[in-house]
Amino acid sequence: MNKLFCKCLFLGVVSSSSIVFGDSSLATWEYDPPENVRFSASKHHSAEIFYNSEVRTPAGEKVAMIELESLNFGAVPWEIQFSADYKGGLEVGKTYEVSFFCRATEGGVLDICAGLRNNPYTVVPGSTKEFQVSEDWKKYSFQFKTDRDYAEEMTVSRVMLASYGQPSTLYFGPIRLREVPPMVPLALSDDWVVFKNVSPPEDFARIPSEMKGPSGSVTPFLVGGVDGEIDLESASGGGESGRVAILFNEFESSGVGTMRVGMAADWWMQVFMNGKPIYDTLGTGNVSQDFSVNDHVFDFPVQKGNNVLAVKVKSGSKGWRFVYGEPSRAPLDPGLLVIRPGKRWKPLNMDAYIVKSGTALDFANLMGKPEPAGSYGRLIVSEEGRLVFEQRPDHPVRFLAFNNSLSWWRKNAHTWTKQDIENYADAIARQGYNMVRLHHVERFLLGFKIHDRPHKTLLETGIPESAEEIDFDFENYDRFEYLIFCLKERGIYINLDLMAANSGYTLAYTSKVDSRRSFRTQLLFNSEYRKHWKNAVEYLLTRENQYTGTSLKSDPMVALVEPFNEQDLRLYDKNMLKEFTPFFVEFLREKYGNDQDLQKAWSDPSITFANVPVISEDLLRKGDARSEDAGSFLIETMSDMTKWYFETLRGIGYNGLISQWDMIMRTMEVPVRALMPVIAQHSYFSHPSKGIPTKNLVEKSPNWRFKLGSPQYDIMVRQESSLNSSYFRAAAAARFLDRPFLVTEYSHSAYNKFRHERGLYFGSYASFQGWDCLTVHGDTTAVRDTVYEPLALFESAIDPISRASETVAALAFRRGDVEESKQTIEFPLTWDLMFPKHFLAAIGDGYAKLSMLAKIGVSYSEVEPLMAVGKVTPTLKMMPNHFSPLKVTTWYVKASSADEGYFDGLIEELRDAGVLASDNRTSFEERVFESDTKEIVLDAKKETMSVVSPRLEGAILKENSPVDLGNLKIEECSRPASVVVGTLESEGDILNSSHLLLVFATNALNDGMTFERSNMLLLAEIGDLPILMETAKVSLRLKTSQTVKPVVYALNMDGTRGETVPCELKAGELTLQMDTESLEYGTPYFEIVYPDGSLPEKK
C-alpha cells in the first residue's frame, strides 16, 4: 500500500484566466445515483460520505459530501479514500486529464493520484498531486501521461484525506476523465476578420457578414497582424475603456489535436474555438504591461479541417490592441523570477533593526527635546486654517505618523510586557514620529479571542447593548492604557479611530459580516447599531487611565478622533445599496408626496414609490432629476450621520477635533466634508490586487498564509512609477484651504520596485503644500518581533525602503526642509457646479496638476462647519470646469491621470496672475513641472524628480545619467533609485554641515520571493528572511566648506555604524564612489562625519 502515496507540487489548477477544452470526455462520475465511486475510512478517524446533500456545484450539479469529523494526527493520507473507478483502459503514451469542482467549510490539503484499483495498487507515474482546498468553489484538474497500456481496472481519481489537516466538510462535484488530444503545430492564418465597436454575436462558430453596433450594422475589415500585433486603437481615434472588438481567424488543421498559442490584449479578452469559450482574462485583465505572446499561454483543441478562432477584445483605459503568436514557453513553464542572495541582492544585517539612541538615525530630538504630549493644550484650528496648540496659536505644528494595528495577531502585542511597551514607544520617538494613528483599537481591546474558531457571525454573537456587555480583554486594555501613557511621556500624540471593524465591539469575525449588515452600513440608519457605537465609544473615552490619571476625552494628547474609518459609500456594492432603498423611498415621499409628482419630475410614467430602483453608479451618472434625487439623498444621509457623530461625541464630553469620510476624494463628499473642522484623506499607489486565483506556479510557504492570507490566491502589484500618477495630486485637490489637511493613510506599496520614490516625492510635495500630517499605512516602527517575518505589502518596519522613505519624509516634511509654496490657488465649488452631473468624480486632473506648481485647495461656502475653521486669502481663484472619473474599489480609490487639453491654458493663467515667475521652467509639452519656490522639479516624461533646498538635496532617478543639484552631483547611478543628502545638524545648510546622512534607496525583497516573470507583476511566493537589498553603483560629488576628509559609514538599520566607505576630499568637494555589492550588508543609509574643527587637508 505504501506505493500509493507520493507527495509532489500540483501545477494544474485552472486560474482566473480560464481554459475550456472541447468534448473529449471518456467518463463522468456523478452521484445520482452514485456508481463506480467508493469511500473508506480507517477506524482511527471519524468520517462519512453522503450523496443526498442539497448543496450544488456552480453548474447546479449534485455533489458528494464528505464529513471529516475527527482526524488522527500523523496519519498517512490513504487512511481515508474517495475513489472513482474506471474499466475502460488507458493507452500507452496518451495524456489524460481528471477534473472536478470542490469546496470545503474549512481549508486543508488533499492528496490525489491515479493507479490500479486493486493490489498492488501501482500509481501511474506523474499522477500524484496535492491540492489546497478553500471555502470557495474551485475547479481542480491534473494531467498524466501513461507509461504503458493499462487494461486493468483503474482508479483514475483516488482522493486521500487523512492528512487534510483539520475537521471539515468537503463537497465534490462530478469527476470527469478525458483524453487530451495530441499537440499539432499552430496554424493560424495571417489574416484576421475584425469588427469594431460592436455587440458580441450569439454564435462565435462562424464569421458573420455584419454585426450590430451602436448606430446600426457594422461590416468587417481584413487585418494582417504586424509581427503578431493588431493595433485596434489606431483606426478608432481613441475613446473610453470597454469598447468591444471581435476578431475572427479561419484556419485549417491537418488533424484532431491541440495547438498552443500565446496571446495578450489591452486590456481584456475572451477566446472562442469553434464557438466554445476556451480562455479569458475578463476577471483580471491582461495583468502584464508587456503585451507579449508569453503573457497568456494556453493549449486549445482543434478539429481536422476547417476551424474558427474568435477573440473578443475589450479596450483598456490606455489602449486597445491584440497580440498573438507562438510563445517561447509552455503554459506551466513561466520562467519564474526567484530572488536569491548574490551580486544583485545583498542581505541586510537582521540583528540590527531597532533604532538605537544617539545614532545618526535617532530622530527623537529632530525638532528639539519634546515636551509631554498635551503640554500646550489641545490642538485647534488657527485663524489661518492650520493645526496649532491652544497655548501656542502662532506656531503651526506638523505631524509625522504611522498606522498602528495592535490587533494584528502576528504582532504579538497581546503578549507585551510593560518593558516591551516602553521599548516600542522609544522606537517610535527615535524614528521621528510625533503621532500614532491607533487603528482597529476595538479588536485589540476585545483580546486575542477574536481569532478563535469557529469564526462567528453577528447573528451568532449578538450586538451588546451596553458597555458592561462588551467582552473586553482587560489585560489588553491595560497594555493599551500603558502605551497611551508611554506615548504621552515622549511627546507623541494619537489620532484615534473610534471604530474601524465592520463587526464593531462584538466578537463576530470581520470577514463573516455581510456588508449589508455591517456597522459601516447600519450605523447610517439603525438605532441598535448606533446605541452600541455610543456605549462602546463612551466607555473608551470616559474610562480613566490609571497611568495618565485622566480619560481620553479630556486628554489633549488626543489630537483627533475619527468616528468610523473609511465609512465612505462604496457604490459598487449592490448588496449594500439595497439597504438604502426604503430610506430613499421615504426621502422621495417627503419631497414629492405622490406618485404623479414623482413621475413628472423623473419623466417616467411607470415609476411609483413601490418600484423605486436601487441606487446605483449608473443612476448617479445620468445627470438628470432622478440622479440629483439619489445624490441628494446620499449626501443628506452622510450629513445626518456626521452630525449625529458630532453631537454624540460632544454629549460624551469630547471637545477635540473630529474628522470623517476619509477614503474617497469624490465630489459627492464635498458638502459632507465641509461640515468637518479638519479634512483627512487616504491615497495609495500600486495598491495590491489580492483576488487573483493562484496559478500554482510554486508551492506557497506558511509565510504566505500568515502574511498574505489564503494560498488559493496570487497577488499582483503593478510595477509603475508614481511620478506621473494622480497619487499625490488627487489628494491635493481634495484639500479645503481654510482648515487643516491630514493624510491619514498613504502608501506606495511593496513590492513595487519604484517605492523608493515615496519619501522624496510625497514628503517634499506635502511640505510644499503646507499640509499638517502624513500618516503612512503600515507599522513602520521596528520592535523585537519585526525581524521574525518577511516583508509583505504596503509599508513595514522590516522593509528598508519603507524605512528610508520615512527618514526622508521626516526631514523634507516634518522638519520642513522643503519650503512651503508662497502662492495659493483656490477652487471654489458650488452645488450647481458639481451636481447633478458630477456626483461620482474628482476635480479635473488638470487642476490637480497645479499642486506641483503652487499650493492648491477647494472651498465650499454653502455648508456651515460644525467647528470653527480658518480663513485664507488666495493668490488666485479658479472655477473648475472639468472633472475626472474615479475608480473606487474595496480597498482604494484612483483618480484619472489622463493628460487634459486645458492644462496649458491653466499654466498661462498662472503666469498672467504672477503665480509663476516668467523664468519658471514648467512646460506642459515637455511634461516638466517646477514649483513656484524653484526647489522642486518633476519630469513626468522621464519619471524623474529633483529637490534642492538649503538643508536637503535629492533626486529620483530612472536612467544612469548625471544630475547636478547644486551642492550634490550624482555622476553615476546604475539602477533606478532615490538619492538624498540631508544635514543632521539642528541648524545650518548642507554646504557647511559637518554631519550628514546619505539615503540611497533602490529596492528590497525577501529571500526566495518568487514572481511569475521578470516583470515582477504577479507574486507567486512571498519567501523568507533575510531581507535582500538591491545592489547598485553610485558616484557622488558633494560640495563642502569642510577642509578635512570625513569618515563615511555604512549604517545598519538600527543606526549603528558598520564598515567605512572610501571617499576623497579635494578642492571643497567630497567624492564618493561606491558599489554596494562590495558591502558586507545591504543598507540604504550612509553617515558622513567630518572631524570637529578644521584641520589642514593632507596633500
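Here are some residues: Gly255, Gly262. Which one is surrounded by fewer than 17 Cβ atoms within 10 Å (Cβ to Cβ) and either within 23 Å of Asn1015 (Cβ to Cβ) or out of contact with any Gly (no Cβ under 7 Å at 6 or more places or on another chain) (or both)?
Details: Gly262 fails: surrounded by fewer than 17 Cβ atoms within 10 Å (Cβ to Cβ).
Step by step, each of Gly255, Gly262 is checked, and only Gly255 is surrounded by fewer than 17 Cβ atoms within 10 Å (Cβ to Cβ) and either within 23 Å of Asn1015 (Cβ to Cβ) or out of contact with any Gly (no Cβ under 7 Å at 6 or more places or on another chain) (or both).
Out of curiosity, is Asn249 at negative phi and either touching a Gly at 6+ places or on another chain (Cβ under 6 Å) or crowded, with 18+ Cβ neighbours inside 10 Å (or both)? Show your work before the answer.
On the way: at negative phi: yes; either touching a Gly at 6+ places or on another chain (Cβ under 6 Å) or crowded, with 18+ Cβ neighbours inside 10 Å (or both): yes.
In short, yes.
Restricting to the stretch 115-129, and then to whatever is of a type outside the set (A, V, I, L, M, F, W, C) and surrounded by fewer than 19 Cβ atoms within 10 Å (Cβ to Cβ), can you tell me which residue is nearest to Lys512 (Cα to Cα)?
Among those residues, the one meeting the criterion is Gly126.
Only one of Ala75, Ala59 is part of a loop (DSSP other than H, G, I, E, B), under 20 Å from Pro174 (Cβ atoms), among the aliphatic types (A, V, I, L, M) and under 42 Å from the mean Cα position of the chain (by Cα); which? If you could, list the steps in order and put the result at the bottom.
Details: Ala75 fails: under 20 Å from Pro174 (Cβ atoms).
Checking each option against the conditions leaves just Ala59.
It is to be established whether one or more residues within the stretch 977-995 are within 30 Å of Leu708 (Cα to Cα) and either crowded, with 24+ Cβ neighbours inside 10 Å or touching a residue at least 60 places away in the same chain (Cβ under 8 Å) (or both). Break it down stepwise before answering.
Within the stretch 977-995, the subset within 30 Å of Leu708 (Cα to Cα) is 977-978.
Filter once more, keeping what is either crowded, with 24+ Cβ neighbours inside 10 Å or touching a residue at least 60 places away in the same chain (Cβ under 8 Å) (or both): 977-978.
Yes.
Out of all the residues in the stretch 463-474, is one or more within 24 Å of Ala804 (Cα to Cα), not basic (Lys, Arg) and not in a helix (DSSP H, G or I)?
From the stretch 463-474, those within 24 Å of Ala804 (Cα to Cα) are none; that's our starting set.
For the stretch 463-474, residues within 24 Å of Ala804 (Cα to Cα), not basic (Lys, Arg) and not in a helix (DSSP H, G or I): absent.
Given the criteria crowded, with 18+ Cβ neighbours inside 10 Å, under 32 Å from the mean Cα position of the chain (by Cα) and farther than 26 Å from Lys343 by Cβ, does Val915 qualify?
On the way: crowded, with 18+ Cβ neighbours inside 10 Å: yes; under 32 Å from the mean Cα position of the chain (by Cα): no; farther than 26 Å from Lys343 by Cβ: yes.
No: the conditions fail for Val915.
Counting only residues that are more than 18 Å from the chain's Cα centre (by Cα) and outside any loop (DSSP other than H, G, I, E, B), which one in the stretch 775-794 is surrounded by the most Cβ atoms within 10 Å (Cβ to Cβ)?
Here is the first cut: in the stretch 775-794, the residues more than 18 Å from the chain's Cα centre (by Cα) are 781-789.
Still in the running and outside any loop (DSSP other than H, G, I, E, B): 784-788.
Working: Arg784: 14, Asp785: 16, Thr786: 19, Val787: 21, Tyr788: 11.
The qualifying residue surrounded by the most Cβ atoms within 10 Å (Cβ to Cβ) is Val787.
Please give the strands (runs of 3 or more DSSP E) falling wholly within the stretch 869-964 in which 2 or more residues are within 18 Å of Ser851 (Cα to Cα) and either touching a Gly at 6+ places or on another chain (Cβ under 6 Å) or at pLDDT below 95 (or both). Steps first, answer last, please.
Working: elements: 883-888, 893-895, 928-930, 936-939, 944-948, 952-957.
Of the strands (runs of 3 or more DSSP E) lying wholly inside the stretch 869-964, those with at least 2 residues that are within 18 Å of Ser851 (Cα to Cα) and either touching a Gly at 6+ places or on another chain (Cβ under 6 Å) or at pLDDT below 95 (or both) span 883-888, 893-895, 944-948.
State whether the residues of the stretch 309-330 include one that is surrounded by fewer than 16 Cβ atoms within 10 Å (Cβ to Cβ), out of contact with any Lys or Arg (no Cβ under 7 Å at 6 or more places or on another chain) and modelled with pLDDT of 90 or more.
Yes, because at least one residue in the stretch 309-330 is surrounded by fewer than 16 Cβ atoms within 10 Å (Cβ to Cβ), out of contact with any Lys or Arg (no Cβ under 7 Å at 6 or more places or on another chain) and modelled with pLDDT of 90 or more.
Mind checking which residues of the stretch 942-955 are under 33 Å from the mean Cα position of the chain (by Cα) and touching a residue at least 24 places away in the same chain (Cβ under 8 Å)? Walk me through it before giving the result.
First, pick out the residues of the stretch 942-955 that are under 33 Å from the mean Cα position of the chain (by Cα): 942-949, 952-955.
The answer is Glu943, Thr944, Met945, Val947, Ser949, Leu952, Glu953, Gly954, Ala955.
Being surrounded by 24 or more Cβ atoms within 10 Å (Cβ to Cβ), outside the structural domain of Val381 (by TED's automatic domain parsing), touching a strand residue (DSSP E or B) at 6+ places or on another chain (Cβ under 6 Å) and not hydroxyl-bearing (Ser, Thr, Tyr) narrows it down to one residue among Arg803, Arg758; which is it?
On the way: Arg803 fails: touching a strand residue (DSSP E or B) at 6+ places or on another chain (Cβ under 6 Å).
Residue meeting the stated conditions: Arg758.
Just need a number here: residues in the stretch 53-70 that are closer than 12 Å to Asp32 by Cα and either loosely packed, with under 15 Cβ neighbours inside 10 Å or of a type outside the set (Val, Ile, Thr) (or both). Before you say what the answer is, go through the steps one by one.
First, pick out the residues of the stretch 53-70 that are closer than 12 Å to Asp32 by Cα: 53, 61-64.
Now drop any that are not either loosely packed, with under 15 Cβ neighbours inside 10 Å or of a type outside the set (Val, Ile, Thr) (or both), which leaves 53, 61-62, 64.
The number of residues fulfilling the criteria is 4.
Need the failing condition index for Ile450 against (1) outside any helix (DSSP H, G or I); (2) at pLDDT below 95, just the number.
Status for Ile450: all satisfied but (1).
Output the number of residues of the stretch 691-735 satisfying the condition of being closer than 28 Å to Trp771 by Cα and small (Gly, Ala, Ser).
Here the count works out to 9.
Residues in the stretch 437-449 that are buried (at least 17 other Cβ atoms within 10 Å of the Cβ) and either out of contact with any Asp or Glu (no Cβ under 9 Å at 6 or more places or on another chain) or not aliphatic (A, V, I, L, M) (or both): how many? If you could, list the steps in order and put the result at the bottom.
Just the residues of the stretch 437-449 that are buried (at least 17 other Cβ atoms within 10 Å of the Cβ), to begin with: 437-448.
Next cut, either out of contact with any Asp or Glu (no Cβ under 9 Å at 6 or more places or on another chain) or not aliphatic (A, V, I, L, M) (or both) only: 437, 439-440, 442-444, 447-448.
Final tally of qualifying residues: 8.
The values are calculated or read from the model by the stated rules, or taken from the named source; none is laboratory data. It should be emphasised that the depicted structure is a prediction, and the values quoted were computed from it without experimental measurement. Positions of Cβ are generated from backbone atoms using ideal geometry, with glycine treated the same way; all protein chains shown enter the neighbour counts.
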